[in-house]
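Working notes, beginning with the structure itself.
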Amino acid sequence: MAIKEIKREDKLPNAFALVSGVKVTIDPHGKYKGIPNRALYDACGFLPEFISGAAMSDPKDAEEFVQLVRDFYGFSLGGNWLEQGDGTLLDNGTYRYEGDPDLHPYVQFLVPTADGFVEAYVYEYGYFAAQKGDFQWLERMD
């Protein structure tokens, strides 16, 4: 019996989803063509670990999920940048700040909570966002 070669990139995002129940989509907007999925995922740093840890803690809602991500990160100081008037998070996860190019997520995470799924995003520069219904959160976690 021949053993099928498994490339490192083939393991993403499947291993992550199996462990935490999170659905992972790399380059959800198709804006990073030519960049390997593994490179985009790796560019997220430790944020996928924080998201996974928060998801495995069985959050009840989007707010608790974000607080758990912040707790896993451990250095959150600024709060929700969107409440401070720092840009807009569009429904598709694009972060828009006047005068700057739009930021499209490297990776989208669909995170299960007790009251449904939260959409979480990781962007370049260590930005993290989450949204569900009227709840939106954006902060930098570098």
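Taken together, the values in this text are just the output of simple stated rules run on the coordinates, not laboratory data. From a predicted model like this one, the values you see are computed outputs, not experimental measurements. Here Cβ is always computed from backbone atoms with ideal geometry, including for glycine, and neighbour counts include all displayed protein chains.
Which of the aspartates and glutamates could be linked to residue 31 by a straight reach, that is with a Cα gap under 16 Å, when you skip same-chain ones fewer than 8 residues away? Of all the aspartates and glutamates, those that pass the test against residue 31 - Cα under 16 Å, at least 8 places apart if same chain - are 102, 124. Karplus-derived 3J(HN,Hα) values for the range 130-140, using 6.51 cos²θ - 1.76 cosθ + 1.60 with θ = phi - 60°, are 8, 8, 7, x, 7, 7, 9, 9, 9, 7, 9 Hz; glycine and proline are entered as x.
The fewest-to-most ranking of 56, 141 by surrounding Cβ atoms within 10 Å reads 56, 141.
Relative contact order for the chain: what is it in percent, counting Cα pairs under 8 Å that are at least 6 residues apart?
Numbers: 230 pairs, mean separation 35.2, N = 142.
Computed value for the chain: 25 percent relative contact order.
Coupling constants for the range 81-96 follow from the phi torsions by the Karplus curve (6.51 cos²θ - 1.76 cosθ + 1.60, θ = phi - 60°), and in residue order they are 5, 5, 5, 8, x, 8, x, 9, 9, 6, 4, 8, x, 6, 9, 10 Hz; glycine and proline get x. In the chain, the longest principal axis of the Cα atoms and the axis of helix 62-73 are about 70 degrees apart.
Here the residues 23, 33, 60, ranked from fewest to most Cβ neighbours within 10 Å of their Cβ, fall in the order 33, 60, 23.
What's the local net charge at residue 105, with K and R +1, D and E -1, over the other residues with C-beta under 12 Å away?
Values: positive: 31; negative: 27, 102, 119, 124.
Here the count lands on -3.
With N the number of residues in the range 8-140, Rg(Cα) / (2.2 N^0.38 Å) evaluates to 0.98.
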